[in-house]
Amino acid sequence: MKHCDSKSILDTDLYLFSMSYAYMKLYPEAEGTLRFIDRGEIDYTEDFISNLKEQIKELSQLSLTDIELEQAHQKTKLWIPKFYWEWLKSFRFNPDVIKLELVDGVTKSGKQRKVLNLEVTEKNYKLVLYEVHLLSMISSLLHKTLGHTIDMEK
């Protein structure tokens, strides 16, 4: 059940590219940690983790194409310089900075469950690029796992 839904490194929020550039310019050495906190009642499985790890490997293959670089530069050149997009062309998501595991947890009603623990620690200018892609993968995989589908007729 793998297959990363992201088709482009640009499948994210323009605000995050702006933040990435701001961190790069103003605080290039600043590091942070992104943590996924599940506030739901989901009981995650090893199979889910395995599928998510496969999608994360696929995510590491995304790169900015020459056409995307030019388009992004043309649309943002007033506040993001071309060198940022040139840097992004060389950027790759690194699965090694993503800590992914199941930990013991409890539902609100007291039932034991396995909770997804995901953490990414990285330079902030790189870190902000992970958020949307990882949340999208978790959400998509979770809905596929639970059998949630969209009724296109409605």
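Points worth noting:
- Gain upon complete extension [K82, L14; 0.36 nm per residue less C-alpha separation]: 23.0 nm
- R35 accessible area, assembled protein chains, probe 1.4 Å, Å²: 140 Å²
- Summarising the label geometry, the points placed 7 Å from Cα in the beta-carbon direction at K7 and L26 lie 3.5 nm from one another.
- Ranking N51, G105, N94 by how far each Cα lies toward the positive end of the dipole of region 49-138 (charges on Cβ) leaves G105 at the top.
- Total charge dipole magnitude, the chain, about the Cα centre, Cβ charges on Lys, Arg, Asp, Glu only, Debye to nearest 20: 240 debye
- Among the protein heavy atoms of region 1-141, carbon and sulfur supply 52% of the accessible surface, probe 1.4 Å, non-protein parts ignored.
- Calculated FRET value between S60 and M152, using beta carbons and R₀ = 35 Å, to 0.05: 0.60
- Hydrodynamic radius of the chain per Kirkwood, over alpha carbon pairs, in Å: 17.1 Å
- Rounded D (µm²/s) - region 91-154, Kirkwood Rh over Cα pairs, Stokes-Einstein at 4 °C, 1.567 mPa s: 90 µm²/s
- Theoretical gain in end-to-end length, T45 to L102 [0.36 nm per residue, Cα-Cα removed]: 19.7 nm
- When each of K77/K123; K89/K126; K53/K108; K53/K114; K7/K57 is checked by Cα-Cα distance, pairs over 19 Å: K77/K123; K53/K108
- The length gained on full extension between T33 and K53, counted as 0.36 nm times the residue separation minus their Cα-Cα distance, comes to 5.3 nm.
- Label-point separation, F91 to H73 (7 Å along Cα→Cβ), nm: 1.6 nm
- Note on region 91-154: with charges restricted to the Cβ of Lys and Arg (+1) and Asp and Glu (-1), its dipole about the Cα centre is near 140 debye.
- Solvent exposure of region 1-115 as accessible area per residue, Å², 1.4 Å probe: 63 Å²
- Working note: Karplus 6.51/-1.76/1.60 with θ = phi - 60° gives region 76-83 the couplings 10, 4, 6, 9, 10, x, 4, 4 Hz, where Gly and Pro are set to x.
The values are calculated or read from the model by the stated rules, or taken from the named source; none is laboratory data. Bear in mind that the values here come from a model prediction, so they are computed numbers and not experimental data. Heads up, the Cβs are rebuilt from the backbone with ideal geometry, glycines too, and the neighbour counts pull from every protein chain shown. Keep in mind that these areas ignore ligands, DNA and RNA; they rest on the heavy atoms of the full protein, side chains included. Shrake-Rupley method; radii C 1.70, N 1.55, O 1.52, S 1.80 Å.
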